[in-house]
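To keep things clear, I will list the structure first and then write my remarks on it.
The values are calculated or read from the model by the stated rules, or taken from the named source; none is laboratory data. Everything numeric in this text was worked out from a predicted model, so none of it was measured. Glycine gets a Cβ as well: all are built from the backbone with ideal geometry, and neighbour counts include every protein chain shown. Surface areas here come from the heavy atoms of the whole protein model, side chains and all, with no ligands, DNA or RNA. Shrake-Rupley method; radii C 1.70, N 1.55, O 1.52, S 1.80 Å.
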Amino acid sequence: MEKLSPLQIERLKYQPKLPSSLAEGINGLEMVEGSATQSVRDQEQIQELFKNTYGKPVVTFKHSTMSKEAGVRNVGVILSGGQAPGGHNVIAGLYDALKQANSANKLYGFLGGPSGIIDGKYVEFDDKFIDAYRNTGGFDIIGSGRTKLETEEQFEKSLAVCKKLNISAVVIIGGDDSNTNAALLAEWFVKHNAGIQVIGCPKTIDGDLKNDQIEISFGFDTATKTYAELIGNIERDANSAKKYWHFVKIMGRSASHVALEAALQTQPNITLISEEVEEKKMSLESIINYMCDIIVKRADMGKNFGIAVIPEGLIEFIPEMKSMIANLNDIMASLENDSAFVNATTIRDKFDIVENRLEDNNAKVYASLPVLIKGQLLADRDPHGNVQVSKIETEKLLIEMISTRLEELKSQGEFIGKFNAQSHFFGYEGRCAFPSNFDADYCYSLGFNAFALISFGLTGYLSSVRNLTAPASEWVAGGIPLTMMMNMEKRHGEMKPVIQKALVKLDGPVFKQLEDNREDWAMNDRYLFPGAIQYFGPSCVCDVTTCTLQLERAKQLVNA
């Protein structure tokens, strides 16, 4: 029998809170339809691709005095993409709603992500199975995967598996790519009169799957609190030892929401935001000069220490690096079968081959990089043929280049301090953490609400729970059409429909909070120490959500 920690034993007992509309009972709901919707961009192309599921209304649920009879139905569920805290509670909420509607209903979990529905690998959930995973982190209940659901063959195999199990609805729990696949599958099922609904749930710790109806993706709350605890611990250490600069790279490739949120929770001396770097066309040299300026000024005050927070995807937002990486990705594809490159005896020989193939400006950028980074840029590509940014140690690149620049300044008498640096990368530490009370409640509500969408016959919808800075009883449950979030983007050289990523808005209240304070935080040690996530105690400690959500919701309420 598995041995459980005392905390896990207590968390298994926690009963997540629901919006009052859902708490009254799954069979006593009334659905309210809003007006027709359209995609965020490229309306004609998206409508053409999703002829059967485009333009549906936003819906919300309210409690009804009438209770309806619920027939028997089977549902399948898939965890897709990277892990995020709270995924188990989405499944638990879905299971509880399904069983509450009719105890004869069945829930099947497809194993290993979307490949499970294609290959027919699954488990049937029962009370004992579900109860062992309530309020826990991770996706180990059924595992996850990154297989895309996009081909005719995959759709046909998925249909055959669903028919075999008499499944009439599938819930896909994932991020923007996974929910794009959910939209494609929903459209295909309707087009072929399959009688199978598809509902998505918004997951990603990166925080880039959101809009007015999806205020936050699940897992963001827990992951950022986990990272903020670690950064706070480092700040306390730096303020104690007073001899190290700590460079903390933090997860988030396409958007800097995680870095921004962690910075607001901890108030470090330097925070880089990728979207700002791109908007201002900041060169690598200008970033180095900006950071060195703060380091020198602090040294003049006798402070040879500090904290810098760096988003994982920064390197791709620096204009000359972005150009060089795009050029390099094309070259690496052509070098896969190049005998001179494959058989090169030293890494420096490979550098020379690459530099000779790169365009002149890009070759100069590549040649200027430290050997460590040049080597990492040649590592295996991801499935899209792109450099794996998480493997590029941007924090070490900055440390090395700052060290070189400070030595120059020291020789000119412009730097009298010391610079000793430590590097950190926080990513996996937050993906499977015990979910916060907020994520436990939010995820459970998303899953419960997903079955409400199913029970009203909807398909191609994303489970939506809003008004999230209010107590859970006041949350608004409903759904939005997946096509509402879509636009056309180039993937593998072709224009394809995808859910648009939500990037940090430089004119928004969250970034403005950083911008208004970063000069003060740079010179004065305003460090905050969030401490570990709390699960028991006053609501103001245990149930409070992210700075990001509070600032965004406050602005929405002011503008309402």
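Numbers for the structure displayed
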| quantity | calculated |
| --- | --- |
| Cβ crowding within 10 Å averaged over residues, with 354-361, 336-343, 96-103, 470-477 ranked highest first | 96-103, 470-477, 354-361, 336-343 |
| Net charge contributed by nearby residues that have their C-beta within less than 14 Å of N74 (K/R +1, D/E -1) | +3 |
| Positive-pole candidate from L12, N386, N52, dipole of the chain, charges at beta carbon | L12 |
| Local electrostatic count, K157, Cβ distance below 13 Å [Lys/Arg +1, Asp/Glu -1] | -2 |
| Accessible surface of segment 192-246, 1.4 Å probe, proportion on carbon and sulfur as whole % | 41 percent |
| G306 long-range amide H proximity, modeled H, under 5 Å | Y244, W245, H246 |
| Around L369: net Lys/Arg minus Asp/Glu count, Cβ-Cβ under 12 Å | -1 |
| The chain, dipole about Cα centre (Lys/Arg Cβ +1, Asp/Glu Cβ -1), debye to the nearest 20 | 920 debye |
| Accessible surface, segment 60-163, averaged per residue in Å² (probe 1.4 Å) | 41 Å² |
| Helical contribution to [θ] at 222 nm, DSSP H n ≥ 4, -39,500 (n - 2.57), averaged over the chain, rounded to 500 | -13500 deg cm²/dmol |
| Residues of type aspartates and glutamates that K3 reaches as a straight line, Cα spacing below 17 Å, ignoring anything fewer than 8 places off in the same chain | D131, D140 |
| Rounded tilt (10° steps) of 87-101 against the dominant C-alpha axis of the chain | 10 degrees |
| Burial ranking of peptide ranges 57-63, 463-469, 265-271 (average Cβ count within 10 Å, highest at the top) | 265-271, 463-469, 57-63 |
| Of all accessible heavy-atom area on segment 314-386, the percent that carbon and sulfur account for (1.4 Å) | 48 percent |
